[in-house]
Amino acid sequence: MDNTPVESSSFDYQYRRTKLKGGGHAGMLTSYGQDQMYLLGRQLRYDYINTGFLCPEYNEEQIFVRSTNMKRTIDSARCVLAGLYTAEELNKTCSVKIVTSPSIDEVLFPNNINCPVVKDVINATMVDFDNIPGIKEDRMKMESALGLDSTKDGHKLHFVHMRDDLTARMAHGWMVPKVVLPFMDLVEENATKLLYFAMCGKTEEERKTVLPLSVGPALTMSVKMMEDMMNGKSQKMLCLYSTHDSLMICLLEAFGLYNNTWPEYAADFRLELYEDRNQEFWVKVRYCGQDKSLPPCSESMFSFDQFSKMMKPYVKEKKEYLRICNSNILKNLSKGGSR
């Protein structure tokens with residue numbers, strides 16, 4: 001973000017420690033994944049360049065690209081750009097900038113590094129998952145089917161990790177072990193539940209606190225970018241953010257669109273800003289290429305004022321965000337205290 005070279009991510013360092021049999025390591029964007037991101041870029045080209053909204057030539061004054069500091073998300077952004085502008089057009093430029101942020105300031109995933117509240121909720125779900133009703137029983141059923149015994153070796157099956165493995169296999173046409181096939185729905189259901197609880201909170205009352213901390217910084221940034229465009233402070237026509245399913249599920253929940261399913265590979269969530277002849281601004285929400293009406297509205301487009309009211313619980317100044325992050329609000333909730 002400050003125009004200085006980026007150091008390798010600590011996340012990537014951890015991924016590289018897990019070597020895979022084919023010669024790669026965990027957390028990489030496969031060639032098939034690159035194709036998916038390229039096709040997303042082609043769709044964006046159809047929607048925004050072919051319609052005359054964006055110039056067909058890459059112009060850094062028009063477009064802003066930001067990614068989390070992980071190789072696969074940076075590669076994802078690169079592939080989307082190649083589809084959007086074509087590799088030939090991009091190679092004519094001196095450079096294409098994809099900016100990142102230090103992990104402690106990252107807003108493109110629920111930040112458990114600088115927010116103790118988010119960290120506690122994620123740990124309570126992703127580490128202490130046996131405390132969630134039904135998870136332990138289903139886990140032991142899976143371990144028994146696979147001939148594993150975590151009571152002896154201490155290595156418990158994790159539904160999220162298991163889903164990652166199985167969906168990657170299926171996406172690439174690889175074999176799924178026959179012993180696992182009867183449990184595919186069980187794995188999907190439990191993994192999705194764990195991700196949702198970890199990023200959004202386990203109870204309705206907890207979600208009122210956790211969700212604004214998980215997704216609020218990203219929405220605060222997006223709303224500010226819109227306001228800067230409306231006020232003439234920015235000439236950016238397109239802002240691309242390369243992020244993760246963890247943030248995607250929070251966005252869907254915040255907009256009332258979450259339907260208990262894990263976001264697809266290369267899913268895209270769009271906020272489109274329109275200006276009418278009366279110089280009034282409107283917002284449209286799109287997910288995976290489809291216009292979305294937001295509860296309780298039945299329309300897919302609404303005024304910016306309506307949008308701002310919807311975003312009010314999530315838009316927070318950094319000082320207020322950090323104050324809540326470092327408070328005892330979770331303890332108060334567990335004791336039945338008020339928010």
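The values are calculated or read from the model by the stated rules, or taken from the named source; none is laboratory data. Computed from a predicted structure; not experimentally measured. Positions of Cβ are backbone-derived with ideal geometry, glycine not excepted, and every protein chain shown enters the neighbour counts.
Quick one: which residue in Trp174, Trp262 is at pLDDT 95 or above, part of a loop (DSSP other than H, G, I, E, B) and farther than 30 Å from Glu57 by Cα? That would be Trp262, the only listed residue that is at pLDDT 95 or above, part of a loop (DSSP other than H, G, I, E, B) and farther than 30 Å from Glu57 by Cα.
Check Asn328 against each of (1) modelled with pLDDT of 95 or more; (2) surrounded by fewer than 17 Cβ atoms within 10 Å (Cβ to Cβ) and name the one condition it does not meet. So Asn328 meets the others, but not (1).
Asp130 falls short of the stated requirement of being buried (at least 18 other Cβ atoms within 10 Å of the Cβ), in contact (Cβ under 8 Å) with a residue 24 or more places away in the chain, of a type in the set (D, E, K, R) and over 30 Å from Lys319 (Cβ atoms). The sole residue among Leu90, Leu84, Leu108 that is touching a Phe, Trp or Tyr at 6+ places or on another chain (Cβ under 9 Å) and part of a loop (DSSP other than H, G, I, E, B) is Leu108. Residue check: Ser67 meets all listed conditions (1) at pLDDT below 90; (2) within 18 Å of Asp245 (Cα to Cα); (3) among the hydroxyl-bearing types (Ser, Thr, Tyr) but one, namely (1).
Residues in the stretch 209-249 that are among the charged types (D, E, K, R) and either touching a helix residue (DSSP H, G or I) at 6+ places or on another chain (Cβ under 6 Å) or under 22 Å from Pro313 (Cα atoms) (or both): Lys224, Glu227, Asp228, Asp245. Filter the stretch 142-164 down to the residues that are surrounded by fewer than 14 Cβ atoms within 10 Å (Cβ to Cβ) and under 19 Å from Ala26 (Cα atoms), then identify the one that is modelled with the lowest pLDDT. That would be His155. For the structure I just gave you, tell me whether Ala218 is closer than 22 Å to Tyr287 by Cα, under 12 Å from the mean Cα position of the chain (by Cα) and crowded, with 22+ Cβ neighbours inside 10 Å. It is true that Ala218 is closer than 22 Å to Tyr287 by Cα, under 12 Å from the mean Cα position of the chain (by Cα) and crowded, with 22+ Cβ neighbours inside 10 Å. The residue pairs whose first member lies in the stretch 224-251 and is under 20 Å from Ser308 (Cβ atoms), whose second member is surrounded by fewer than 20 Cβ atoms within 10 Å (Cβ to Cβ) and of a type in the set (A, V, I, L, M), and whose beta carbons are closer than 6 Å, counting only pairs six or more residues apart or on different chains, are Met226/Leu273; Cys239/Met225.
Restricting the search to the stretch 235-273, which residues are of a type in the set (S, T, N, Q) and buried (at least 17 other Cβ atoms within 10 Å of the Cβ)? Those that are of a type in the set (S, T, N, Q) and buried (at least 17 other Cβ atoms within 10 Å of the Cβ): Ser242, Thr243, Ser246. Looking at the stretch 73-95 only, could you name the residues that are farther than 20 Å from Met237 by Cα and either β-branched (Val, Ile, Thr) or modelled with pLDDT under 95 (or both)? If the condition is that a residue be farther than 20 Å from Met237 by Cα and either β-branched (Val, Ile, Thr) or modelled with pLDDT under 95 (or both), then Thr73, Ile74, Ala87, Glu88, Asn91, Lys92, Cys94 are the ones that fit.
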